[in-house]
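These notes are about the structure you will find just below.
The values are calculated or read from the model by the stated rules, or taken from the named source; none is laboratory data. Here the structure is a predicted model, which means the values were calculated and not measured. When we count neighbours, we look across all protein chains shown, and the Cβ atoms used for this are built from the backbone with ideal geometry, even at glycine. All accessible areas refer to the heavy atoms of the entire protein, side chains included, with ligands and DNA or RNA removed. Shrake-Rupley method; radii C 1.70, N 1.55, O 1.52, S 1.80 Å.
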Amino acid sequence: MDLNYSAEDEEFRQEIRGWLKSNLVGKFAQLRGLGGSGREHEAFEERLEWNRHLAEHGWSCVSWPREYGGRGLSLLQQVIFHEEYARADAPARVNHFGEELLGPTLIAFGTKEQQDRFLPRIVAVEDLWCQGYSEPGAGSDLANVSTKARLDDGGRWVIDGQKVWTSLAHNANWCFVIARTGSGPRRHDGLSYLLVPMDQPGVEIRPILQLTGTSEFNEVFFDGAVTDADLVVGEPGAGWSVAMGTLGFERGVSTLAQQIAFQRELESVVDLARNNGAIDDPIIQDRIVSAHMGLDMLRLHGLRTLSGEQGIEASITKLLWAPWHRSLGELAMAVAGPGGLTVAEAPYELDALQTLFLFSRADTLYGGSDEIQRNVIAERVLGLPKEARA
């Protein structure tokens, strides 16, 4: 990807940089650096207010076309927005699933009625969404979904089943759910992509306690939950292609902001090493250099993926960043030394580097385990024989 910014792009950079500087003040200044993976419990209501403040000033859904309520930014301007947002240490937004996943899916696959109903509320951060994909028997293997939905006599979908690892379900009022509504010769035939309200008697949410002591993920049980017949995205039974489209949107420009957050974490580790003398250890020095090299590689790969010039890069992105981030957590604990094993005082909350270490243990599991990612690359990209399955 050629990152030769035009004068217009640089003018846009100054606009978003200046706006963030002027608005991350007062009560919002206290939110700097809060939220994100493993830390979604931090000041959630306050970050929701910040997210709505962004929306009021036109900084929500910036990649969407203008006709759907977005800003219609070019690819380079999207890169600039996410870079500047991360560099300003602005708080993690709470609207990720609606803004980055469902919204683009509805723009690509939804009916006009669905777009008119849901897109304005996503832009305004009035609805919060979660993703009903994974199940106890269908994690990385989404074609194995067993949650079922059927049309009742009243013209509503009735849903029964269980989803798991559902991020922020306890904060969401809607969920996009993959459910089996029919059958076919292939496992992914007969799946449908349903939009389901969470605030109803047939939905039970059970938080999952994590190593970090928080509950970012949840189990979600559907026991006769209902949604309207017209709230299926795409044709009934053809939800696989819609679900894959949603997953494709996860590989967008916002991943570059993730790398800037990684840079900030790495700088925190280096600062600690300098302060406690660990930087004098040649082994620590070597690991820090390797971490910097790995982060540079992640950024270059991310830019190459965005260019769209080659097909394999997006498929291997997860295999690159997840082990790198997990190793950064291990480096953080090596730098912290024995003190990293303890917490200061009641209520015994973890510090940022302890949270980094514990939460990053899951990086190579969620979003498709490393083993599954390697199979996907081998079978779908390289054309190797499929792994034998029971």
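Some values worked out for this structure:
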{"read-out": "Residue among LEU231, LEU168 that is in contact (Cβ under 8 Å) with a residue 12 or more places away in the chain, at positive phi and of a type in the set (A, V, I, L, M)", "value": "LEU168"}
{"read-out": "Any chance VAL164 is open to solvent by 10 Å² or more (accessible area, probe 1.4 Å), of a type in the set (Val, Ile, Thr) and within 25 Å of ARG374 (Cβ to Cβ)", "value": "yes"}
{"read-out": "Selected residue (criterion: nearest to LEU358 (Cα to Cα)) from residues of region 179-224 that are more than 21 Å from the chain's Cα centre (by Cα), surrounded by fewer than 19 Cβ atoms within 10 Å (Cβ to Cβ) and basic (Lys, Arg)", "value": "ARG187"}
{"read-out": "Region 225-246, residues that are open to solvent by 20 Å² or more (accessible area, probe 1.4 Å), modelled with pLDDT of 90 or more and either of a type in the set (Phe, Trp, Tyr) or farther than 18 Å from ALA169 by Cβ (or both)", "value": "ASP228, ALA229, ASP230, GLY234, GLU235, PRO236, GLY237, ALA238, TRP240, SER241"}
{"read-out": "Which numbered condition GLY339 misses (of (1) under 26 Å from GLU42 (Cα atoms); (2) modelled with pLDDT under 90; (3) open to solvent by 60 Å² or more (accessible area, probe 1.4 Å))", "value": "(3)"}
{"read-out": "ALA86 under 20 Å from the mean Cα position of the chain (by Cα), assigned to a helix (DSSP H, G or I) and at pLDDT below 95", "value": "yes"}
{"read-out": "Residue in region 372-390 that is in contact (Cβ under 8 Å) with a residue 24 or more places away in the chain and out of contact with any helix residue (DSSP H, G or I) (no Cβ under 9 Å at 6 or more places or on another chain) present", "value": "yes"}
{"read-out": "Failed item, numbered, when GLY367 is tested on (1) closer than 23 Å to GLY248 by Cα; (2) assigned to a helix (DSSP H, G or I)", "value": "(2)"}
{"read-out": "Qualifying residue in region 89-97 (condition: part of a loop (DSSP other than H, G, I, E, B), over 16 Å from VAL242 (Cβ atoms) and among the polar types (S, T, N, Q))", "value": "yes"}
{"read-out": "Number of the exception - TYR5 against (1) surrounded by fewer than 19 Cβ atoms within 10 Å (Cβ to Cβ); (2) under 22 Å from the mean Cα position of the chain (by Cα); (3) among the hydroxyl-bearing types (Ser, Thr, Tyr)", "value": "(2)"}
{"read-out": "Only one of GLY26, GLY33 that is among the small types (Gly, Ala, Ser) and without any contact (Cβ under 8 Å) to a residue 40 or more places away in the chain", "value": "GLY26"}
{"read-out": "Region 134-156 - residue that is in contact with a Lys or Arg (Cβ under 7 Å, 6 or more places away or on another chain) and not small (Gly, Ala, Ser) and, of those, modelled with the lowest pLDDT", "value": "ASN144"}
{"read-out": "Selection within region 273-304 - open to solvent by 40 Å² or more (accessible area, probe 1.4 Å) and either more than 16 Å from ALA334 (Cβ to Cβ) or of a type in the set (Ser, Thr, Tyr) (or both)", "value": "SER290, MET293, ASP296, MET297, ARG299, LEU300, ARG304"}
{"read-out": "Single residue of region 123-155 satisfying the filter (within 18 Å of GLY234 (Cβ to Cβ), outside any loop (DSSP other than H, G, I, E, B) and in contact (Cβ under 8 Å) with a residue 40 or more places away in the chain) that is farthest from the chain's Cα centre (by Cα)", "value": "LEU151"}
{"read-out": "Residue that is surrounded by the most Cβ atoms within 10 Å (Cβ to Cβ) [pool: residues in region 41-80 that are among the hydrophobic types (A, V, I, L, M, F, W, C) and part of a loop (DSSP other than H, G, I, E, B)]", "value": "CYS61"}
{"read-out": "Residue selected from region 305-328 under the condition modelled with pLDDT under 80 and either open to solvent by 50 Å² or more (accessible area, probe 1.4 Å) or among the charged types (D, E, K, R) (or both), by the criterion nearest to GLU265 (Cα to Cα)", "value": "GLU313"}
{"read-out": "Tally, over region 12-40, of residues that are assigned to a helix (DSSP H, G or I), surrounded by fewer than 18 Cβ atoms within 10 Å (Cβ to Cβ) and β-branched (Val, Ile, Thr)", "value": "0"}
{"read-out": "Any hit, region 197-214, residues being within 23 Å of LYS112 (Cβ to Cβ) and touching a residue at least 24 places away in the same chain (Cβ under 8 Å)", "value": "yes"}
